[in-house]
Amino acid sequence: MEKLMVRGGRPLRGTVQISGAKNSAVALLPAAILAESEVVLDNLPQLSDVAVYGEILEQLGAGVSWSGDTMRIDPSRLQSAPMPDGKVKLLRASYYLMGALLGRFGEAVIGLPGGCNFEPRPIDQHIKGFEALGAEVSNEHGSIRIFARELRGAKIYLDVVSVGATINIMLAASRAKGVTTIENAAKEPEIIDVATLLNAMGARIKGAGTETIRIEGVEAMHGCRHSIIPDRIQAGTYMIAAAATRGDVVIDGVIPKHMEAMSAKLVEMGVQVIEMDESIRIVGAPTYEPIDVRALVYPGFATDLQSPMTSLLTQASGVSILTDYVYSNRFKHVPELVRMGAGIRVEGRSAIIEGGPLNAAKVRAADLRAGAALVVAGLTVPEGVTEIAGVEYIDRGYDNLVENLRRLGADVWREQADA
Ligand code: EPZ
């Protein structure tokens, strides 16, 4: 186990390159199961979750090979096998194996997913979707067993706007007989990315990125080559870090449209945000206005950025309120920020943040984005060293974090954690 050490107080300066989106990658890899020939994915992030997914596909019999940020997946000899335990438990996104295996083989047995469980995260909408397509779903000793003699298209209304359920239903419905429509679908860019891959594999999906998605099932799907969209959450985290350190950073290789909510909130605080074709420049200011932030489904402000945003709001002159309408209690970063001297209290779904300087402390990342919040906080502290334990969570979503920050001038390093 390692810990991350941050000696802050230096404005970040320079350019950071953003890699492919983790939350797309973990859906695109299982989507390849639906093809009957080789799928090549480019621009994959080098993250533990992606590596684990590759290993799961290998266990199922797929040929998997890496070269740089490209993965080749040959699913032609892949077979459906029960996966009650093991690697599936390491990833929340292993739930996409349900939709993909169901679509290709009509059956799947998958252990209930693990991953960043910052609060109960039900999958009832995924199951509702599979059942609507004609599958029988049962919970057997902590594993979900899904079986369908024949998948038939259906009209599915999601009671909760869910990224995972939208994608899982798209996966299964791509190989169902007839037409499926998903109403109240999630609109995240990752959903469009998955639909783009599936269509390149021969699926017929329309409307991805809107609240109604229409999927006409096809009998067979084939391989293709696809390049993953940039990681908007990683990009947003660097935008926040640049602002928090009063730096001047170009975030390169992004789709600025995906960053609109983030950019708007930074501008409201007094940060200069300069959008270019595929990059965004962030120029910090000496003082920031306090603001209100509401984390919502896309195109609203991303819940995955609310934790690092909390750290930035400690740098504003006054009281900010951050409310998460996606998760009711995603605030595991707050007690750690309080250890660093932050004036934050949680009331229901909201964090009330009183701006003020932070101090170095020994803190622990309880999940991926909580970890990102602590890194941002540490970067603002000019004296002492902030020690962040739980680096393995941060590694799930930020590749080359230390290298990237060092290139921007930060004094950051990893050390062996105390026993
Ligand atoms: C995805 O999770 C992301 N993960 C999460 O990113 C992200 O926080 C989340 O979407 C919201 O944007 C991946 O893409 C792998 P949801 P997902 O289903 O799909 C409730 C990160 O830090 N819900 O859109 O699992 C749920 O409890 C991670 O990178 C149900 O009630 O999220 C939540 O309140 C963490 N029933 C809301 O909907 C369901 O069946 C949105 O969840 C499904 C979800």
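The values are calculated or read from the model by the stated rules, or taken from the named source; none is laboratory data. Model, not experiment: these values are computed from the prediction. Using ideal geometry, Cβ is built from the backbone for each residue, glycine included, and neighbour counts are taken over all protein chains shown.
When the test is whether a residue is in the same structural domain as LEU90 (by TED's automatic domain parsing), over 15 Å from PRO30 (Cβ atoms) and buried (at least 22 other Cβ atoms within 10 Å of the Cβ), ALA203 does not pass it. The residue that is surrounded by the fewest Cβ atoms within 10 Å (Cβ to Cβ), counting only those in the stretch 144-164 that are within 18 Å of PRO84 (Cα to Cα) and touching a helix residue (DSSP H, G or I) at 6+ places or on another chain (Cβ under 9 Å), is PHE147.
Residues in the stretch 122-136 that are within 12 Å of the ligand (Cβ to nearest atom) and either touching a residue at least 60 places away in the same chain (Cβ under 8 Å) or surrounded by 16 or more Cβ atoms within 10 Å (Cβ to Cβ) (or both): ILE123, GLN125, HIS126, ILE127, LYS128, GLY129, PHE130.
Conditions tested, residue by residue: (1) in contact with a helix residue (DSSP H, G or I) (Cβ under 6 Å, 6 or more places away or on another chain); (2) among the aliphatic types (A, V, I, L, M).
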{"residue": "ILE352", "(1), (2)": "no, yes"}
{"residue": "ALA361", "(1), (2)": "yes, yes"}
{"residue": "VAL381", "(1), (2)": "no, yes"}
{"residue": "GLU387", "(1), (2)": "no, no"}
{"residue": "VAL402", "(1), (2)": "no, yes"}
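Selection of the stretch 113-140 for residues being at pLDDT 95 or above and of a type in the set (Lys, Arg) yields only LYS128. Please go through the stretch 226-272 and give me each residue that is closer than 29 Å to ALA173 by Cα and in contact with a helix residue (DSSP H, G or I) (Cβ under 8 Å, 6 or more places away or on another chain), ordered by number. Once the filter is applied, which keeps residues that are closer than 29 Å to ALA173 by Cα and in contact with a helix residue (DSSP H, G or I) (Cβ under 8 Å, 6 or more places away or on another chain), the stretch 226-272 yields HIS226, ILE228, ILE229, PRO230, ASP231, ARG232, ILE233, ILE255, HIS258. Note on the stretch 372-389: among residues that are farther than 13 Å from GLY341 by Cα and in contact with a Gly (Cβ under 6 Å, 6 or more places away or on another chain), the one that is farthest from the ligand (Cβ to nearest atom) is PRO382. Filtering the stretch 372-401 to residues that are surrounded by fewer than 19 Cβ atoms within 10 Å (Cβ to Cβ) and under 21 Å from ILE282 (Cα atoms) leaves PRO382, ASN400. When the stretch 106-121 is limited to residues that are closer than 19 Å to VAL194 by Cβ and more than 9 Å from the ligand (Cβ to nearest atom), the one that is surrounded by the fewest Cβ atoms within 10 Å (Cβ to Cβ) turns out to be ILE110.
Any residue that is in a strand (DSSP E or B) and in contact (Cβ under 8 Å) with a residue 12 or more places away in the chain - is there at least one of those in the stretch 260-272? Yes.
Within the stretch 312-321, does at least one residue satisfy the condition of being under 25 Å from GLU2 (Cα atoms), in contact (Cβ under 8 Å) with a residue 40 or more places away in the chain and in contact with a Leu (Cβ under 8 Å, 6 or more places away or on another chain)? No, there is no match, as no residue in the stretch 312-321 is under 25 Å from GLU2 (Cα atoms), in contact (Cβ under 8 Å) with a residue 40 or more places away in the chain and in contact with a Leu (Cβ under 8 Å, 6 or more places away or on another chain). Search the stretch 281-327 for residues being assigned to a strand (DSSP E or B) and of a type outside the set (A, V, I, L, M, F, W, C), and hand back the single one that is nearest to the ligand (Cβ to nearest atom). Across the stretch 281-327, the extreme among qualifying residues is ASP324.
Here's the yes/no breakdown for (1) farther than 14 Å from THR314 by Cβ; (2) modelled with pLDDT of 95 or more:
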site	(1), (2)
ALA351	no, yes
ASN359	no, yes
ALA370	yes, yes
LEU374	no, yes
VAL381	no, yes
GLU387	yes, yes
ASP395	yes, no
GLU403	yes, yes
ARG407	yes, yes
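Restricting attention to the stretch 165-177 and to residues that are among the small types (Gly, Ala, Ser) and farther than 15 Å from ASN23 by Cβ, the residue that is surrounded by the fewest Cβ atoms within 10 Å (Cβ to Cβ) turns out to be ALA176.
The strands (runs of 3 or more DSSP E) found entirely in the stretch 332-419 that carry 1 or more residues being small (Gly, Ala, Ser) are 343-347, 350-354, 386-389.
For the stretch 246-258, the set of residues classified as outside any helix (DSSP H, G or I) and surrounded by fewer than 24 Cβ atoms within 10 Å (Cβ to Cβ) consists of ARG246, GLY247, ASP248, VAL250, ASP252, GLY253, ILE255, listed by residue number. If you go through the stretch 273-309 and pick out every residue that is buried (at least 23 other Cβ atoms within 10 Å of the Cβ) and free of Cβ contacts under 8 Å to residues at least 40 places away in the same chain, you end up with 1. Filtering the stretch 195-232 to residues that are closer than 17 Å to LEU133 by Cα and among the aliphatic types (A, V, I, L, M) leaves ALA203, ILE205, ILE213, ILE215, VAL218.
So for the stretch 66-85 (the condition being over 21 Å from VAL254 (Cα atoms), surrounded by fewer than 16 Cβ atoms within 10 Å (Cβ to Cβ) and among the basic types (Lys, Arg)), does at least one residue qualify? The answer is yes; a qualifying residue exists. Of the residues examined, THR180 is not one that is within 16 Å of the ligand (Cβ to nearest atom), surrounded by 18 or more Cβ atoms within 10 Å (Cβ to Cβ) and within 22 Å of ALA195 (Cα to Cα).
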